[in-house]
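The values are calculated or read from the model by the stated rules, or taken from the named source; none is laboratory data. Quick caveat: nothing in here was measured; it's all calculated off a predicted structure. A quick note on method: Cβ atoms are made from the backbone with ideal geometry, for glycine too, and the neighbour counts reach across all protein chains shown. Heads up: the accessible areas ignore ligands, DNA and RNA and are worked out on the full protein's heavy atoms, side chains in. Shrake-Rupley method; radii C 1.70, N 1.55, O 1.52, S 1.80 Å.
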Amino acid sequence: MKRDYDEPMFIDVVYYSKDCSAEQIETEIKELCFEQPFAVLATQGEGQPYTALISFAASDDLTHLVFSTPTQTRKYSQIKDNRQVSMLIDTRSLQPESINLVRAVTVTGKARPLENPDEIELWSKLLLDKHGYLEKFVHSESSSLILVRAVRYFYVRRFQEVYQWTPPETS
Amino acid sequence: MDTARNFLIPLAEAYDHPASLLGNKARNLSFCIRNGYRAPDGFALGIDCYHRFTRDNNLQKAIDFELYRKPFENMRWEEIWDAAFRIRSFFARGSLDLALEKDILSYTSKWPADAKYAVRSSAPAEDSAAHSFAGIHESYVNVPVSELTEKIKLVWASLWSDRSLLYRLENKLDAKRSAMAVLIQVMEAAPLTGLTFTADPATGNRDVMIIETVEGSLDRLVDNIEEPQRFRYHKKSNTISADQKNSSQKTIDTDLLQGLAHKFSGLEKIFETPIDIEWAWTGSELSILQVRPITRINKTLDQDSEREWYLTLTPKKAKLMQLAERVENSLIPELIAEVEAFTAEGAPRAEEKLFLESLNRRGESYEKWKKVYQDQFIPFAHGIRSFGLYYNELLKPDDPYIFINLLKSDQLLASKRNRTLVKLGSLLAESSLLKEKVAAYLEEEENKDLSHFLEEAATSNPAVQEFKNVFNKLLAEDMNIFYENRSLAEDQKLLLKTIVSLGSNSNNLQDQQLTGFNPAPGSGKPAAEDSDLSDPGRLELEKEYYSAAGREKKKEAENWLRIGRLSWKLRDDDNILLGKLENQLLEYVREGLERLKGEGLLDKVPGKIALGDWKAVLVSLRDKKKPELTAVEEVAKEKRKPQLKPRQLTGQPSSPGLVTAMARVIHSVDDFKNVNKGEILVFDAVQPQMTFIISLAGGIIERRGGMLVHSSIIAREMEIPAVNGVSRATELIETGDLITLNGDLGIIVIGEPEFNLEKST
């Protein structure tokens, strides 16, 4: 629209801002997923949502997230029954003072316990690159490696700004 | 914790404390006293008092919430002003530590009860060698003891003023870790005051000292109210030369000036760097009011020019009063007269010399008013904000924007235009013959003259006749406006489509969203008098306002309200009036282009015309050569990437209400014809020339932000929910998106919360 002598352009940098470009949002989501060690995992069973804190890692293109869990846990049995899960990754521990600076991403997707040895080797390496101290835990007979195929990312920043980002189709 | 007593520091002792606690202003003055110079007696409040105040009143979170709502460097100046305005309101409503308040009272008891004080900012970064912050933070003079605490709070708040934030933005100072000390000094009467630069700030010449003086209080000089007398003192020859002076100014004794100059030189030696000094001559002694290093020597002024331009947008009260006088009584009548004269002159004359003369007159007039707009109208429009500050200081209301209700007026040119549109809508809804005719007209392929099309039907049908007359009047009086490189009167179909949509729900015309137009009873007759003025809520508010001002400040309060109301009206009207003037030029530029084409100097007359080309057209016609025309850029429409969808965007809640509807993104006036009533319109920036389309909106979203921008004003007038300051709104939102707009919280929700994707994979 009209931009003639109406307002001082020098302050009006929003128009040129890359702040909400797809590239910027993607970068911010990646930062969160790569730098945050922990996530809240939500599963469901018998109509009851259930959340648990997990250590996780994400693939470079964010199509997949991986974590490990003992097979006797509630989350494992729920995933066996219902693959639809959600994960929350956030920076609240870094920004306890400012509601505007906390960032969070909610991932929705489908989870499955890995059984194929090649797959297990590939994904456990990714998880252990980030969480080396979990080696014994991940390789334990009683643990299962869970792979989540991410469908959508809901990224929240500045208290109420929300973007939906979809990872690439193929992994 | 100990009381604040430790932080109330006598001025003479201030130099013993670090600048990080007391700021440089207090320390520099204290340093002068140490070296045998005189300064008005006073004391300082260290930054600990500020920290205590912000902690006790939970202000840090409030500041955080305002400033980190969106990337600070991406806020427009109007949004920064709004954030600063709300922060100031939080500060004004906060309460000072009781022990500190008691200490201040007990300290000031050594001066007479009727003593007046200067309350000045002394922020740690201020007046340092690197940054001056000159004129950025607030200072108050002539403050009675009863108002000291109020003014201290406002000085603290000025750490977060719009000016201060912009300055920090440019200088990359950390807004978050800033704090402010305050210097309080007893005021002294002085017959002569002045401002001295011990080196020439323009050239950096250290052999010359610049001395400016005014009679009486120094703020008359600092606020540019009075033109000072200016002298140059040549250090080497010990001589004084005077710049030209007004005949009304008194002659100043050269001996006195030389004596002062010697003292200033001494001070420069003590500070070991060129300084600027604010001073007063008490009649027998030199009194130093402020000293700071000159930060600007040898720097180009360009880098400051934008900020300085911004500072001219916020004129002080006396300037605003002068501007109000000039705008109301000379500029606006002159502008209207000029438009009328051009209109009366009519179509371009065939004779080339006469045509060129007239084109030149119109072009010159356009250039002149463009400058008046920039230099006087925009700063005057700031009167709304100044009134808001005054009102809030007086009443400290819960809602810092309540003052708007005192300013609203249905006499805006845009409101009058919109009432005419409503009337046309009702006329159309009531006559089936008219509806038929208009439908047939819209079916026509060419953009014919509607009046001509209705001619025949009008002779036998009074409803058609009336519609035709009102429509013609609308074209001639309200749509003869230049906008987006064309005249709004050109596209009659577009206008008619708006009217049809307005008439499409005639049952609600009078009572629903359109009540904002305040049509007088009897279907949209223009209200002769401002019905806002007699609104009971407003009368009540006005009563409260005057009662808070009290008898003593009644005159002042009246003046402020007058400035506020005038500024409110001008803010909207000026664009429309200028649009009319531009339209007068457009017709002639187009005629000139046609003639150039006729003479074979131009291949094609462009559809969209840049008015600035008038000179090129004139020169080409005169010299018979090809013109160099400005290319009018088409608006780029950047598509949203499918991988990223906004789900929720935020902005400023600029008009309250909740609405869910389809989005219609407006890239240009061409998009107006597709607008359906009730849609949420998404704009980059709303201008008063085109706010008629808002009559159809169910909600408004705008990229440009501010609680007092045009769209906020019109949306509130019409009670349409609106959110503005939404970054990249026209790119992130697409026509057809389902939107829920929350005008109470400034939140926009896009799309429905489906989970189909998750289920299908």
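Some notes on this structure:
- Residue within the stretch A:6-26 that is within 11 Å of the chain's Cα centre (by Cα) and either at pLDDT 85 or above or open to solvent by 30 Å² or more (accessible area, probe 1.4 Å) (or both) present: no
- Counted residues, the stretch B:713-727 - those being open to solvent by less than 10 Å² (accessible area, probe 1.4 Å) and within 14 Å of another protein chain (Cβ to nearest Cβ): 4
- Extreme residue, modelled with the lowest pLDDT, among residues of the stretch B:747-758 that are in a helix (DSSP H, G or I) and within 8 Å of another protein chain (Cβ to nearest Cβ): B:Leu757
- Taking every residue in the stretch B:74-86 that is modelled with pLDDT under 85 and pairing it with any residue that is β-branched (Val, Ile, Thr), at least 6 positions away or on another chain, the pairs with Cβ-Cβ distances below 7 Å are B:Asn74/A:Val13; B:Asn74/A:Val14; B:Arg76/A:Ile11; B:Arg76/A:Val14; B:Trp77/A:Ile11; B:Glu78/B:Val709.
- When B:Lys645 is tested against (1) in contact (Cβ under 8 Å) with a residue 40 or more places away in the chain; (2) assigned to a helix (DSSP H, G or I); (3) open to solvent by 10 Å² or more (accessible area, probe 1.4 Å); (4) within 11 Å of chain A (Cβ to nearest Cβ), just one condition goes unmet, and that condition is (2).
- Checking A:Thr108 against (1) part of a loop (DSSP other than H, G, I, E, B); (2) within 14 Å of chain B (Cβ to nearest Cβ); (3) polar (S, T, N, Q), the condition it does not meet: (1)
- Selection within the stretch B:332-388: residues that are under 30 Å from B:Asn559 (Cα atoms), of a type in the set (Gly, Ala, Ser) and in contact (Cβ under 8 Å) with a residue 60 or more places away in the chain. The member of this set that is surrounded by the fewest Cβ atoms within 10 Å (Cβ to Cβ) is B:Ser386.
- Test: residue in the stretch B:394-415 that is part of a helix (DSSP H, G or I) and over 30 Å from B:Glu334 (Cα atoms): yes
- From B:Gly598, B:Gly592, residue being out of contact with any Phe, Trp or Tyr (no Cβ under 7 Å at 6 or more places or on another chain) and buried (at least 17 other Cβ atoms within 10 Å of the Cβ): B:Gly592
- So A:Glu169, is it within 14 Å of chain B (Cβ to nearest Cβ) and without any contact (Cβ under 8 Å) to a residue 60 or more places away in the chain: yes
- Counting only residues that are among the aliphatic types (A, V, I, L, M), within 12 Å of chain A (Cβ to nearest Cβ) and open to solvent by 20 Å² or more (accessible area, probe 1.4 Å), the stretch B:653-684 holds 0 of them.
- Qualifying position, being among the β-branched types (Val, Ile, Thr) and open to solvent by less than 10 Å² (accessible area, probe 1.4 Å), among B:Ile33, B:Ile47, B:Ile87: B:Ile87
- Residue in the stretch B:685-693 that is open to solvent by 10 Å² or more (accessible area, probe 1.4 Å) and in a loop (DSSP other than H, G, I, E, B) present: no
- Qualifying residue in the stretch A:130-150 (condition: among the basic types (Lys, Arg), within 14 Å of another protein chain (Cβ to nearest Cβ) and open to solvent by less than 50 Å² (accessible area, probe 1.4 Å)): no
- Among the residues of the stretch B:348-374, those identified as of a type outside the set (Ser, Thr, Tyr) and within 14 Å of another protein chain (Cβ to nearest Cβ) are B:Glu367, B:Lys368, B:Trp369, B:Lys370, B:Lys371, B:Val372, B:Gln374.
- Qualifying residue in the stretch B:62-80 (condition: of a type in the set (Lys, Arg) and in a helix (DSSP H, G or I)): no
- Count - residues of the stretch B:57-70 that are at the interface with chain A (Cβ under 9 Å from one of its Cβ atoms) and surrounded by fewer than 16 Cβ atoms within 10 Å (Cβ to Cβ): 2
- Restricting the first member to the stretch B:103-121 and to residues that are closer than 19 Å to B:Ile288 by Cα, and the second to residues that are assigned to a loop (DSSP other than H, G, I, E, B), the beta-carbon pairs closer than 7 Å and six or more apart or on different chains are B:Lys116/B:Met187; B:Tyr117/B:Met187; B:Ala118/B:Met187; B:Ser121/B:His137; B:Ser121/B:Glu138; B:Ser121/B:Met180.
- Residue in the stretch B:34-44 that is away from chain A (no Cβ under 14 Å), over 27 Å from B:Thr282 (Cα atoms) and aliphatic (A, V, I, L, M) present: no
- Any helices (runs of 4 or more DSSP H) falling wholly within the stretch B:422-499 and containing at least 2 residues that are closer than 24 Å to B:Lys677 by Cα: B:432-443, B:462-473
- Restricting the stretch B:389-416 to residues that are within 19 Å of B:Gly706 (Cβ to Cβ) and charged (D, E, K, R) leaves a set whose member that is most open to solvent (accessible area, probe 1.4 Å) is B:Asp399.
- Here A:Glu161 meets the list (1) farther than 26 Å from A:Gln44 by Cβ; (2) out of contact with any Ser or Thr (no Cβ under 8 Å at 6 or more places or on another chain); (3) within 12 Å of chain B (Cβ to nearest Cβ) almost entirely, failing just condition (2).
- Conditions (1) within 14 Å of chain B (Cβ to nearest Cβ); (2) crowded, with 18+ Cβ neighbours inside 10 Å; (3) outside any strand (DSSP E or B); number of the one not met by A:Pro96: (2)
So that you can scan it fast, the table gives a plain yes or no per residue for (1) modelled with pLDDT of 90 or more; (2) under 20 Å from B:Ala14 (Cβ atoms); (3) touching a Ser or Thr at 6+ places or on another chain (Cβ under 6 Å):
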| site | (1), (2), (3) |
| --- | --- |
| B:Lys70 | no, no, no |
| B:Ala118 | yes, yes, no |
| B:Ser122 | no, yes, no |
| B:Val141 | no, yes, no |
| B:Ser146 | yes, no, no |
| B:Ala157 | yes, no, no |
| B:Arg163 | no, no, no |
| B:Asn171 | no, no, no |
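- Test: residue in the stretch B:540-551 that is farther than 27 Å from B:Ala344 by Cα, among the small types (Gly, Ala, Ser), open to solvent by less than 70 Å² (accessible area, probe 1.4 Å) and not in a loop (DSSP other than H, G, I, E, B): yes
- When A:Arg103 is tested against (1) open to solvent by 30 Å² or more (accessible area, probe 1.4 Å); (2) under 25 Å from A:Arg152 (Cβ atoms); (3) within 11 Å of another protein chain (Cβ to nearest Cβ), exactly one condition is not met: (3).
- Within the stretch B:728-746, the set of residues being at positive phi and more than 9 Å from chain A (Cβ to nearest Cβ) comprises B:Gly736 only.
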